[in-house]
1. Using the basic label-point model (7 angstrom from Cα toward the beta carbon), what is the residue A:359 to residue A:553 distance in nanometres?
2. When the gyration tensor of the protein assembly as shown is built from Cα positions, what are the square roots of 5 times its three eigenvalues, in whole Å, from largest to smallest?
3. Give the Rg/Rh ratio for the stretch B:179-252, taking Rg as the radius of gyration of the Cα atoms and Rh as the Kirkwood radius, to two decimals.
4. How would the stretch B:198-349 be classified by its alpha-carbon gyration tensor: rounded, prolate or oblate, with rounded meaning a/c under 1.5 and the a/b versus b/c comparison settling the rest?
5. When a/c reaches 1.5 or more, the comparison of a/b and b/c decides; with that in mind, is the stretch B:98-175 rounded, prolate or oblate per its Cα gyration tensor?
6. Using helices alone, what [θ] at 222 nm do you get for chain A, with -39,500 (n - 2.57) per DSSP H run of 4 or more residues, divided over all residues and rounded to the nearest 500?
7. Please report the antiparallel percentage of the DSSP beta bridges confined to the stretch A:373-491, to the nearest 5.
8. Per the helix-only calculation at 222 nm, which mean residue ellipticity applies to chain B, given -39500 (n - 2.57) for every DSSP H run of n ≥ 4 and division by its residues, nearest 500 deg cm²/dmol?
């Protein structure tokens, strides 16, 4: 079919007209073959301008539109809407920027005018190659799989569960509550941890909309946002298939294995405990040495494994201060010394806790080198002096690490691991709980070391993401400008599978070609750049379209 | 909830994020912002730690989306006057001040600035440059539409000046606009009003405003900003480039009684700023305890250390006058030292906004001992408040970085949407 092409030049008041000779632009463009209509307007984005554009498109029965105006960031959407209203596909439209990239930056009017003409010609050259793109809709399942029954997993489950959204909560162990259940008191008010966690566990168990699977593990995850198919191996050794629309990973953390760091004497000397062992001792009610007597002098060592792991675990300083409080309340006369590197006590409430703790007679020694010997802590002061301190109990604060099954889960879920081996968020600032895989979210310490309030906030944030995007009964509208891979040109090398950040390409073993899942693809173009046979292209930025435009722009 | 509409107060990164998510879910959102622009404090930054991404490039797509989103009604230069009712049925009265420029007609060409006879200090630029009485705070501000500052505009002070109106090709200037009181009915409220920075002048030992080349972190941020008053050139008041710079952490920490969380990382970021523009500059970071928690920040610290910076620990510090210029005097334990420098950058404590107590009263929510809005429970309910249906997010609740502010904004969305309705 012969295309009918219209060009509309916006003067943008004086913004373009003052520095671009619109008359000359009109004359030159009108003289080009294949251009049917050339019009100008004082301000095309105004109500009046939009009406003019719509009526002109309809009057002339145009099939392709070029608008020469401002940056696409400013008004591309505006004019695409006008095209739609005029009854033509919005992708049969091209906006070329003769304001920011021309009138505003080129002082010589002659030059700016020539440049504007060049830009319009480039747009005209590509527009016959545009294809109509149409919005798609896919059905979705609103149910959610939550992996991990700790405080974050439970919080997310409770917020997400409702009459029209079922939650499948899969927990590896036989109990809910995760690490919080192993703590005696919670900072900073020293409330009973068990009281708080028990209440949550109760709520989860009582919810009719949460199906709980303990002693269970996720074995396989297929599918994509809105339509995941998950295989779960349950405690009764049964294999279940679940269908969900989104997945929340709240698998928590592990503590660094202290056997890796023999200088702290763990497992070698008596009365050297890990933080969680010391919590246990306090839950049981008594702080006692192995010989059954209360300790007289206790050293609490911060930052155990920080250097080896390469990050600060964020929570240890505060719980080490809490430990000093445990001791001072049970054994007021015991001598307590905290060996620390840098005190990390951010936020409005923590410094007070530190000062209150200090006021209870707790000693603080700054040292970057600490070693545990039998009943003695050897340390180097900041001035490089070697000193010792006699102790009859040592508590170690080991670094927080990704939990043991992180790598396995990352592979299964097709999400990546970032700094420290923790699950990688989609964006470190603006998207902390989503991942590169749409529909898969991370919360709590599986994303990075954090304290209880931060873990809960992340779990609530995941609920926010899911509740606002996966709405029961509402269809999803995936990205339109996705990539596509030509079956005829694909040589089956699978390079695109490696470079795709979004897990949006799969390999069709029967046909031996790569195929794009349009629900997951975000049109980034990684596959296009890496495809050796030119089979991959991004819709609306196809190689042909870009090539035609660039050739004309450089002519 | 009886009423599904939501009021969000504050159009910084947390408020924008909450508004967009709520609108995605199909809720109508009223977003009320005190200033004439969106983006909050983050858009004052040239880059964010620790990936050194351009801050405005990061936020601009969100700001743009906000302006085009159907379900969001943005009220700029607007403040909340009164809140009545309860969860599901709040009645809120807001005062929307006149902008005197038609948001629809204006295209942001800035032709009206030049003829304006007024020149005053630009608050957005921390007073480092001047603006007119009709102005956009910085290039790239959104909405890209100026506002008239009636306090300084000569027309609103008795003179018959209409130079801006004459300069406008689009008849966008409208002196007849009036302030309006508007009643909004909403089911829940998200408070995302951000923070203020402590004025270092309150603590004389830092020499702020006594020495001309002692800057606050935000001043330095604007000095480095490519859209700022020096278009990114780092220079002393005498126009020369600094040869030695001291960056002082924890300014006001002792006085405020808390660690502001973000200053260590922000101060380390300044090393990158300085080395990018002035590779030979000598830099000293004066810190107490380094607060760089989490999986990514220590890596940034280690990387920064290799760029050539002295990290000096102090218990006490002051900026003193020297025969030629100034020096930083510091003490640790019984030792100490003195370092002559050309420029000092202070990292002041984050504090509640000046109007926090007024807003707390209007909202009927409590404040903590420092004046931040108080959460319902610090461990398990940090975005909820003492008043059901009112949520607090971002630095209005507690000093925090962008990631944690965004997480809280999403958390408030999660809490609100889980109520159903």
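1. The modelled label-to-label distance comes out at 6.6 nm.
2. On the way: eigenvalues 510, 273, 152 Å².
One finds semi-axes of 50, 37, 28 Å for the protein assembly as shown.
3. Details: Rg = 18.7 Å, Rh = 15.7 Å.
When Rh is taken as the Kirkwood radius, the ratio is 1.19.
4. Working: a/c = 1.34, a/b = 1.05, b/c = 1.28.
Rounded shape, in that the Cα axes give a/c under 1.5.
5. oblate
6. Numbers: 16 runs with 170 residues, N = 555.
-9000 deg cm²/dmol, from helical runs alone.
7. Numbers: 9 of 9 bridges.
Within the stretch A:373-491, antiparallel bridges account for around 100 percent of the total.
8. Theoretical 222 nm ellipticity from helices: -6500 deg cm²/dmol.
Read-outs throughout are calculated quantities, based only on the coordinates presented, and are distinct from any laboratory measurement. Model, not experiment: these values are computed from the prediction. Counting neighbours? That spans all protein chains shown, and the Cβs are built from the backbone with ideal geometry, glycine included.
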